[in-house]
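Notes to accompany the following structure.
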Amino acid sequence: MAEEKQINRSALLVMTFELEGLCNGLRCTVPNGLAPSARTVAIMNRLLDEFSRKAEGCVLDELPKLDENTSAVDMLIIAEMLRSTLMAFLTPDERDARDRTFGFASVPREPQV
């Protein structure tokens, strides 16, 4: 029997915050024509690898490795795509917790009896 991939939602929730920070940084540098550094490329590749290990059958499995020649625009687009894809794997409670941090949480639900 093939080993099933397990998704640790807590780890994915943390990754959404990491990607939000990366996207914010790239959004600031792209308009100024600054290229991503080798560290930025390494962080992005680590996040892509980590997500690919946790999610099966995802388009992100097919992405090439990024390198120092990857443009800041391409890196921002890939980071935004990964961030959006990660959101699809979060539970409703995790999405609310994430959104609450940024001030966009849904109205709390009344307990059903």
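The values are calculated or read from the model by the stated rules, or taken from the named source; none is laboratory data. Predicted, not measured: the structure shown is a model, and the values here were computed from it. Positions of Cβ are backbone-derived with ideal geometry, glycine not excepted, and every protein chain shown enters the neighbour counts.
In the set (1) modelled with pLDDT of 80 or more; (2) under 29 Å from Arg100 (Cα atoms); (3) surrounded by 13 or more Cβ atoms within 10 Å (Cβ to Cβ); (4) more than 11 Å from the chain's Cα centre (by Cα), Asn24 fails one condition alone, (3). Filter segment 45-98 for residues that are basic (Lys, Arg) and under 13 Å from Leu22 (Cα atoms); which is modelled with the lowest pLDDT? Here the residue is Arg83.
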